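Asker: Can you read through this structure? Questions will come right after.
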Amino acid sequence: MKFLSRKPRAPTAYVYVDYEHWFYSMKKNYNVSPTLDTWVADFKKKYYIPEIYFFADYSDPDIYREVDKLRKISNYIIDTSCNPKNKNDTDFIMLDFLYQKAALLKRDETFILLTGDSHFTYVVMYLVRTGHPVGVYGVKNSVSQLLTEQASWYEIIDGENVADMYSSIFLNISRKRRMDISRYSIHLRKLRS
């Protein structure tokens, strides 16, 4: 009875984004803010994702401007700006969320972390040891080797996709407005270097 058979659901993954790290790493290394649509669409092809959490201290105006973009993807936007005079608490709050979720989940459910901070090495080791596959996404030149070595798998985000994306945007705009693309070529070369 084919009509009664159910299509198997993709594996479940919970996504934890150290958005502060991602945002400032992309800004420092490539002078762009993170592109979320492609990244999220890619995850949803591979996993069933019930929750995506974005952690950051949103008190800085640059990163605060990102909140509307994040809200289109998830309502789990965790503002960690609770103690502005002392050290940023983003990593500690994100660690707390990770350990709490791990205590509630079945062993085979996946955790995906987008961060590069070595502070997350021990939680990754714990998750793997307790039967959870863990993937780490990190920005090139801003990710701890120790962290990636402990993960089940990892992927490095670099400027190539960023340069390609902006290249196509510039070409489309120049065609529509009949502009000379050569004035943008300097910026595209910077992104690719």
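Asker: N88: within 27 Å of Y30 (Cα to Cα), modelled with pLDDT under 95 and not β-branched (V, I, T), yes or no?
Answerer: So N88 passes the test.
Asker: Would you please list the contacts, defined by Cβ atoms under 8 Å and residues six or more apart or on different chains, that run from a residue in the stretch 8-36 that is farther than 22 Å from V124 by Cβ to a residue that is part of a loop (DSSP other than H, G, I, E, B) and open to solvent by less than 10 Å² (accessible area, probe 1.4 Å)?
Answerer: none
Asker: Among the candidates Y122, Y64, Y154, which residue alone is modelled with pLDDT of 95 or more, at negative phi and open to solvent by 10 Å² or more (accessible area, probe 1.4 Å)?
Answerer: Only one candidate qualifies: Y122.
Asker: Show me the helices (runs of 4 or more DSSP H) found entirely inside the stretch 4-83 where at least 1 residues are within 20 Å of Y99 (Cα to Cα).
Answerer: Counting at least 1 such residues, we get 19-30.
The values are calculated or read from the model by the stated rules, or taken from the named source; none is laboratory data. This structure is a prediction, so every number in the text was calculated from the model and none was measured. Quick reminder, even Gly has a Cβ in these numbers, built from the backbone with ideal geometry, and neighbours come from all protein chains shown. Remember, those area values only see protein heavy atoms, side chains included, never the ligands or the DNA or RNA. Shrake-Rupley method; radii C 1.70, N 1.55, O 1.52, S 1.80 Å.
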